[in-house]
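One structure is given here, and the rest of the page talks about it.
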Amino acid sequence: MNIGIVGAGGMAAYHVQGFQKAGAVVSAVADSNAERARLFAKQWGIQSTYPSLEVMLEQQPLLDAVSIVTPNKFHAPLTVQALMAGKHVYCEKPPARNAQEMLGMYEAAKKAGKHLMFGFNNRCRPESQAIYRYLENGDVGRINSAQATWIRRSGIPGFGGWFTDKELSGGGPVIDLLHMIDLALSFMGYPEPKAVLAVTFDDFMGNASFKGPWGIADGNGNTNVETACHAMVTFRDGRCLTIRNSWAEMNEREVVSVTFQGSKAGGKVERLFGIDGVDETSCDTVMLFTEEYGRQVNREILVEKDETMGRVANAVNFVQSITKGEKPMNTPAEALILMRITDAIYTSSETGECVRFA
């Protein structure tokens, strides 16, 4: 399997590691910054560099797949372009800026008959994989409610760069930190949403002291996205999901978690940070809360820590879903539901009303 990468940013290294681990060849990288592309290619032994996806496709017609690692604005157009050229696509999260863009990607994948997967790496973390086993074995029962949390006290990424520019990013932490929303929905089996009620806040967006470890970015200086969100999602089958996402909010510290309550057991996957945004200061926990022999039991599940947080494993799964027929860890249909929910969060916050799905 022969893969080309678009965008030589930080996440691209995980893509390359996963693709190569799965036995694929990464033969090309495209980036508008020629020097960045050259250095990335040298680091990872990639043969060719190009200024754009278009040129890469022209010069490398035998590519089997394309990996998209760009600012969010370009996810949809580049994905559709690659699919229309007959390539499988692995795209970094978020899938797109909104549901309309995601729908176009979904339809293009169906029309092309090609695989489309996204960088929802937290599904591939050992902690999450352990929970999936208990879910599949029926130990949890039906998850009735869940709480998806990714909150920081101080951690606006790339302050003043593309992350904080709504045109380029699509939004703030609702979009950037949607991993736990996706993971909670995945644990629940991705039920159909019924309604969303949400509020967002931007109190600290203009305050550079909340930039966290990412510093001040080179960009146009736009800071027009939210810094925090609180939302409730109800589903057509009567279940519910509570969401907390924030880059900057008066919290104790950064917490990344999914907690759930099932008919047989509850559980959580959690990462606690000592310093916001610094993975080396984090501690991971995965637990089940159940009843055994008339006693309440908290069961701690021990797994080996994955320093890549599933990023490499997710990329491996993309390749093996194509070459070996493995089940993809995520699908375009799920991504469309996720983006419909994020759209509803923003609409509810703007209007002050509950958004009901048709």
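Taking the chain as a Gaussian network of alpha-carbon nodes connected by springs under 10 Å, the highest mean-square fluctuation of the residues T285, T342, T259 belongs to T285. Pairs of C-alpha atoms in segment 33-162 farther apart than 18 Å represent 68 percent of all such pairs. Sorted from longest to shortest, the spans of the Cα atoms of segment 83-141 along the three principal axes equal 43, 23, 20 Å. The angle between the Cα long axis of helix 332-351 and the longest principal axis of the Cα atoms of the chain comes to about 70 degrees, rounded to the nearest 10. For the chain, with a Gaussian network of springs between Cα atoms less than 10 Å apart, report the residue from Q296, Q320, Q59 with the top mean-square fluctuation. With Cα springs under 10 Å in the chain, the top fluctuation among Q296, Q320, Q59 is at Q296.
Protein heavy-atom surface of segment 131-191, 1.4 angstrom probe: 48% of the accessible area is carbon and sulfur, with nucleic acids and ligands not counted.
Only lysines eight or more places from K73 in sequence, or on another chain, were considered; those with a Cα closer than 27 Å are K87, K93, K110, K111, K114, K166, K211. Histogrammed with a bin width of 10 Å, the alpha carbon distances of segment 282-346 distribute as 16, 24, 31, 25, 4 percent, first bin at zero. Each pair of Cα atoms in segment 102-260 enters the Kirkwood radius, and Stokes-Einstein at 25 °C and 0.890 mPa s then converts it into a translational diffusion coefficient of 143 µm²/s. Of all DSSP-defined beta bridges confined to the chain, some 65% are antiparallel rather than parallel. Working note: Cα atoms of segment 126-199, range along each principal axis, descending, whole Å: 47, 31, 21.
Overall dimensions of the chain, expressed as equivalent-ellipsoid semi-axes from the Cα gyration tensor (√(5λ), whole Å, largest first), are 32, 24, 21. Rounded to the nearest angstrom and listed largest first, the equivalent-ellipsoid semi-axes of segment 206-358 from its Cα gyration tensor are 29, 24, 22. Sorting 43-50, 20-27, 311-318 by their mean Cβ neighbour count within 10 Å, with the most densely packed peptide first, gives 311-318, 20-27, 43-50. The distance separating the Cα centre of segment 212-259 from that of segment 299-358 comes to 16 Å. Simple point charges give the picture: +1 on the Cβ of Lys and Arg, -1 on the Cβ of Asp and Glu, and for the chain a dipole about the Cα centre of about 740 debye.
The values are calculated or read from the model by the stated rules, or taken from the named source; none is laboratory data. Quick caveat: nothing in here was measured; it's all calculated off a predicted structure. Neighbour counts are summed over all protein chains in view; Cβ atoms, including those assigned to glycine, are modelled from backbone coordinates with ideal geometry. Ligands, DNA and RNA are stripped out before the accessible areas are found, and what is left, the full protein with its side chains, is counted by its heavy atoms. Shrake-Rupley method; radii C 1.70, N 1.55, O 1.52, S 1.80 Å.
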